[in-house]
Amino acid sequence: MPERDLLERGGLEDLDTAAIACFVQSASATDDGREALRESLTRLCLPFAGRLARRYRGRGESFEDIEQVARLGLVKAIDRYDPERGSFTAYAVITISGEIKRHFRDKTWGVHVPRRVQDLSLEVGHATMAMTGTLSRTPSVGEIAERLGVSSAAVLEAQESSAGYSPSSLNAPVGGEGAAEFGDLIGDLDGRLELVDDRVTVADLLLRLPPRERRMLAMRFYGNRTQAQIAADMGVSQMHVSRLLSRALAWLREAMLCDVAPRWQGAESRPDQYPVRVEIQRDGDVVVARVHGEVDRDTAERLRLGLRRAIAQAGGDPVVIDLAGVPLVAAAGIAVLVDAASAAAVAGTPLTLTRAQPCVARVLAVTGLSRLLES
């Protein structure tokens, strides 16, 4: 066709001149002529599009696909070109490069990544390859950031996001034929799921504990406080805190293994609100001192006075100390019992202990006072 020959006959190698000529001739050409001019200019610019496509080779996409995208960008540049806006070559470079980058951004990423991170990831990869050849080593994050004029954090984000470009398939085989799939090696059973029932049960049991014990458990296991810190905060001895925690944990363990929670033994609040009481009664020739309450540093003196009074009232008759109402004995309480045993020996009064609860009996056994327990 005559319009097509105008481009080919001139032997034009300058793409800007060829594009202007095509634009001028298209103004007076027929529809078929304009199509022929467009086809001729496109064929003339194909090598140019190929050179731009080669810039993006080796980035995880086949060169044939990149070249096809570059040619698509070339066609768009030819169709949209207006000579009044400047050079065709400059406009074509921007259009083709943008089309290629859009292809990488929208068609090749296996995981959705923000556009700015995708673009930066491509720039980081290109800069890394260029700097590796120049420095003969892998460039550092700081060097890449300086070259691109961005922060090191942005470079790290781009490098981490590049893993989403072509993620591995969970169905990919691992090893030889018949081997397990990659997805079989990822993930594990969540052990916390097995603890759901226990957590719910413990939460309900904690509500059945007295406020003081609940507070101690919370401070120890949720607040990560030491026993000394808890003792200072609550105004009791560290030994008393240790015994209260041990008793509460022992009750929780027992309650977890029972269908019906066992009865809680002990005062329901602070010892100063429920002090130790010593009830003295004579049963024939025997004086019985029934002790009620927890014995610690704050209540030991009251117990000492009560036992001394019982020994004095016995007048040499046997004295039996009933510990059934004592859920806990601290070190100060042990000292009081030793004092009572000494006072009874001086007065010539037989002294025995009876009905000690299991936790109190263990303390007596450790301290050597189990010899006073009734068999």
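Readers should treat all values here as calculations from the given coordinates under stated rules, not as data from a laboratory. Everything numeric here is computed off the predicted structure, so don't read it as measured data. With ideal geometry, Cβ positions are generated from the backbone for all residues, glycine too; neighbour counts draw on all protein chains shown.
What to note about this one:
- Positive-end residue, the chain charge dipole about Cα centroid, Cβ charges, pick of 93, 345, 357: 345
- Take each peptide in 286-298, 43-55, count the other Cβ atoms within 10 Å of every residue, and average; sorted highest first, the result is 286-298, 43-55.
- Cβ-defined net charge surrounding residue 317, 13 Å radius [Lys, Arg +1; Asp, Glu -1]: -1
- For the chain, the longest principal axis of the C-alpha atoms and the axis of helix 152-161 are separated by about 80°.
- Degrees separating the helix 15-28 axis from the principal Cα axis of the chain, which is the longest one: 70 degrees
- Debye intensity ratio I(q)/I(0), log10, segment 194-256, q values 0.13, 0.18 Å⁻¹ (C-alpha model): -0.35, -0.64
- Considering only 261, 234, 216, the residue lying farthest towards the positive end of the dipole of segment 192-261 is 234, judged by Cα position with unit charges set on Cβ.
- The chain - share of DSSP beta bridges that are antiparallel (%, nearest 5): 40 percent
- Fewest-first sequence of 24, 360 by Cβ atoms within 10 Å of each Cβ: 24, 360
- Compared with the dominant Cα axis of the chain, that is its longest principal axis, helix 300-314 is turned about 20°.
- The dipole here belongs to the chain: it is taken about the Cα centre, uses +1 on the Cβ of Lys and Arg and -1 on the Cβ of Asp and Glu, and is about 1800 debye.
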